[in-house]
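Asks: Structure in C-alpha cells, see below.
The values are calculated or read from the model by the stated rules, or taken from the named source; none is laboratory data. Everything quoted here is computed from the prediction, not taken from an experiment. Don't worry about glycine lacking a Cβ; one is built from the backbone with ideal geometry, like all the others, and counts go over all protein chains shown.
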Amino acid sequence: MSLISRGLEEAGIPSVLVSVMKPLSSPSRPPRQLIRKLNIGATVGRPGDTATQLETLRRMVALLSEAEAPGAIDEGP
Amino acid sequence: MNDRSALPAWQPKFSDWVEAAKPFMAEGKAKEAFGIYPWFSGKGDPFARLSKPARETRFGLVTTGGYSIEGEQEPFSPFPSFDATPPRINTIPLDVDRTKLRIDHAGYDHRFAEEDINCNLPLDRLQEMQDAGEIGSIAPDTQVVMGLQPNVTPLIEALIPELVARFKSDSVEAALLVPS
C-alpha cells in the first residue's frame, strides 16, 4: 500500500495511509501515514465503534490537509 | 525520478529472494521467508499537496480487504502471488448490495469486517462525513486490490497506472488508503 501511495503522489494525487503495522508500512517510505493501535482487519476501528472509525478517518483527512513534507506521520494516541 | 526507474536494480534481488524463500514457503514458514525479503526502495520522495480544503475535496478509497461481489466479480486469490501477472482491481460501488460482498484474504481475521464492514471498508462513515460537510464527496467506486504483493514489478508497472486512471476518471482529488 505504501508503493500505491507513492505512485498516486507521483501522478499528482495526494494520499494518506492508515497503518497498524509501522515496521511493514514504513520501509517503502509512504508520503503520509497515520499509525493506529488497532487490529489487522479492523484498521479503521473495531466493529460498531463508530467513534474510533470516525476518528481514524478524520485524522487521515487532517494529515492530508496539514502535512508539509513527505514522510509525514501522525503517531498520536 | 520515480519508482519505475528503481525496478531494474531491484529485480535481481527479488529473483534471488524467490529462490532463497522457496524452502521456507514449502514448509509454511512465511515469517522466515519474509524475514529475508529485499524491501523495494523507490527513488525520491513524491509528494502532492492538497490544493483545497477537505470540505471541497473529492476523496477516493482504496482497500486491500480482499472484497469481491458474489456472482459478478472473480474472487481474489487469498494468498500472495509471486509471478508477474498484473494484479486485479475490483470495484465496489457505494450502493453495493452488502449481502453479496465476499472476502478472500488469508492475511487477516474476517470476523471484524463480517460484523461491520466499516472496519476496513468505511463506506458508512465516509458517507456521514460527506453528509456533515467534513469532506466534499466520496467517489462512487472503492478500488479493492490484494495486499502483500511480493513482486512489486507488476504493481508498479500495471496496477498503479490503472488505479491512477480510474481515480482520474472519477475526478478523485485525494486518496484514503486502508490496508488489511
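Asks: For the range A:18-49, which positions are hydroxyl-bearing (Ser, Thr, Tyr), more than 15 Å from B:Pro122 (Cα to Cα) and in a loop (DSSP other than H, G, I, E, B)?
Replies: A:Ser26, A:Ser28
Asks: Only one residue in B:Ala132, B:Ala165, B:Ala113 is of a type in the set (A, V, I, L, M) and buried (at least 22 other Cβ atoms within 10 Å of the Cβ), so which one is that?
Replies: B:Ala113
Asks: Select from the range B:54-102 the residues that are in contact (Cβ under 8 Å) with a residue 40 or more places away in the chain, assigned to a loop (DSSP other than H, G, I, E, B) and farther than 18 Å from B:Glu114 by Cα and list them in ascending order.
Replies: Of everything in the range B:54-102, those that are in contact (Cβ under 8 Å) with a residue 40 or more places away in the chain, assigned to a loop (DSSP other than H, G, I, E, B) and farther than 18 Å from B:Glu114 by Cα turn out to be B:Thr57, B:Ser77, B:Pro80, B:Ser81, B:Phe82, B:Asp83, B:Ala84, B:Thr85, B:Pro86, B:Pro87, B:Arg88, B:Ile89.
Asks: In the range A:50-73, what count of residues is obtained for those that are in a helix (DSSP H, G or I), small (Gly, Ala, Ser) and within 12 Å of A:Gln33 (Cα to Cα)?
Replies: The total comes to 1.
Asks: Moving on. Does the range A:55-70 hold any residues that are of a type outside the set (S, T, N, Q) and either within 8 Å of chain B (Cβ to nearest Cβ) or more than 9 Å from the chain's Cα centre (by Cα) (or both), and which are they?
Replies: A:Glu55, A:Leu57, A:Arg58, A:Met60, A:Val61, A:Ala62, A:Leu64, A:Glu66, A:Ala67, A:Glu68, A:Ala69, A:Pro70
Asks: Does B:Asp141 count as among the charged types (D, E, K, R), modelled with pLDDT of 95 or more and buried (at least 17 other Cβ atoms within 10 Å of the Cβ)?
Replies: yes
Asks: Working only within the range A:25-40, note down all residues that are more than 7 Å from every other protein chain (Cβ to nearest Cβ), more than 24 Å from B:Ala6 (Cα to Cα) and surrounded by fewer than 20 Cβ atoms within 10 Å (Cβ to Cβ).
Replies: A:Ile35, A:Lys37
Asks: May I pose another question? Looking for something under 14 Å from the mean Cα position of the chain (by Cα), within 27 Å of A:Ser26 (Cβ to Cβ) and of a type in the set (S, T, N, Q) - is there at least one such residue anywhere in the range B:32-55?
Replies: No, the conditions are met nowhere in the range B:32-55.
Asks: Only helices (runs of 4 or more DSSP H) wholly contained in the range B:105-172 count here; list those with 3 or more residues that are touching a helix residue (DSSP H, G or I) at 6+ places or on another chain (Cβ under 9 Å) and hydroxyl-bearing (Ser, Thr, Tyr).
Replies: none
Asks: Out of B:Asp109, B:Asp124, B:Asp116, I need the residue that is within 11 Å of another protein chain (Cβ to nearest Cβ), closer than 27 Å to B:Pro150 by Cα, free of Cβ contacts under 8 Å to residues at least 12 places away in the same chain and of a type in the set (Asp, Glu). Which one?
Replies: Result of the check over B:Asp109, B:Asp124, B:Asp116: B:Asp109.
Asks: Against the conditions (1) within 30 Å of B:Glu157 (Cα to Cα); (2) facing chain B (nearest Cβ under 7 Å); (3) of a type in the set (D, E, K, R), where does A:Lys22 fall short? Just the number, please.
Replies: A:Lys22 satisfies all of (1) within 30 Å of B:Glu157 (Cα to Cα); (2) facing chain B (nearest Cβ under 7 Å); (3) of a type in the set (D, E, K, R) except (2).
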